[in-house]
1. So in segment 14-48, with the set limited to residues that are over 17 Å from ARG2 (Cβ atoms) and of a type in the set (Gly, Ala, Ser), which one is surrounded by the most Cβ atoms within 10 Å (Cβ to Cβ)?
2. What strands (runs of 3 or more DSSP E), lying completely within segment 79-153, carry at least 2 residues that are of a type in the set (A, V, I, L, M, F, W, C)?
3. Say whether the condition of being crowded, with 20+ Cβ neighbours inside 10 Å, at positive phi and in contact with a strand residue (DSSP E or B) (Cβ under 8 Å, 6 or more places away or on another chain) is met by at least one residue in segment 107-127.
4. In the set GLY154, GLY72, GLY143, GLY89, which member is closer than 18 Å to GLU35 by Cα and free of Cβ contacts under 8 Å to residues at least 12 places away in the same chain?
5. Just checking, does segment 65-86 include any residue being crowded, with 17+ Cβ neighbours inside 10 Å, of a type in the set (Gly, Ala, Ser) and within 29 Å of ASP156 (Cβ to Cβ)?
6. Mind checking which pairs have a first residue in segment 1-30 that is among the hydrophobic types (A, V, I, L, M, F, W, C) and modelled with pLDDT of 95 or more and a second that is open to solvent by 40 Å² or more (accessible area, probe 1.4 Å) and not in a helix (DSSP H, G or I), Cβ under 8 Å, 6 or more apart or different chains?
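The values are calculated or read from the model by the stated rules, or taken from the named source; none is laboratory data. Quick caveat: nothing in here was measured; it's all calculated off a predicted structure. Quick reminder, even Gly has a Cβ in these numbers, built from the backbone with ideal geometry, and neighbours come from all protein chains shown. Remember, those area values only see protein heavy atoms, side chains included, never the ligands or the DNA or RNA. Shrake-Rupley method; radii C 1.70, N 1.55, O 1.52, S 1.80 Å.
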Amino acid sequence: ARSYFQRYLASAQGSEARDYLEQRGLNRETIEKFELGLSPPDGESLNNHLLHQGFSAAHLTLAGVIRAGEDGRHRDLFRGRLMIPIRNGQGDMSGFGARALGDAEPKYLNTPRTAVFDKGRILYGLHLAKEAAGREGIVVVEGYMDAIAAHQHGFDNVVACMGTALT
């Protein structure tokens, strides 16, 4: 899912999201370092892609990237959002944060709690901040974009809690 979202952001369909990131002051190196991506707006592209790759709908549901609708059809959980991969402290993929690019609500949407993702137990960017934090201490900021911007400006000891989820 992460690589699919990255490719979609880099495609022609990702121009609006790339403009948003540029307006936020993020450069290409930072976008790549944090593996930012974009989810397609149609609600079925990721599901179809991953099913074609051999994953089952049950596994995709357990991973928190699709969900079954009331009609029983499986649909992408994230649609038309800037995708922010979330890795645990060891650097393993755990889930996603997803930011609306327009007026969609909620502004931020996270992967639901899964066996590997619990937003109250993960500090965003810790895998990238560990070394610097060991030397300089750790700084916790409120959101993903704050942590990403801090890293871009050389503050490599910055991590973010995920909203009000710090427990």
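1. The selected residue is GLY43.
2. On the way: elements: 81-87, 93-100, 108-110, 139-141.
Here the list reads 81-87, 93-100, 139-141.
3. Yes, there is a match, as at least one residue in segment 107-127 is crowded, with 20+ Cβ neighbours inside 10 Å, at positive phi and in contact with a strand residue (DSSP E or B) (Cβ under 8 Å, 6 or more places away or on another chain).
4. On the way: GLY72 fails: closer than 18 Å to GLU35 by Cα; GLY143 fails: free of Cβ contacts under 8 Å to residues at least 12 places away in the same chain; GLY89 fails: free of Cβ contacts under 8 Å to residues at least 12 places away in the same chain.
Only one candidate passes the filter, namely GLY154.
5. Just the residues of segment 65-86 that are crowded, with 17+ Cβ neighbours inside 10 Å, to begin with: 65-66, 74, 76-86.
So of that shortlist, the ones also of a type in the set (Gly, Ala, Ser) come out as 80.
From what is left, the residues that are within 29 Å of ASP156 (Cβ to Cβ) are none.
Scanning segment 65-86 turns up no residue that is crowded, with 17+ Cβ neighbours inside 10 Å, of a type in the set (Gly, Ala, Ser) and within 29 Å of ASP156 (Cβ to Cβ).
6. ALA17/LEU101
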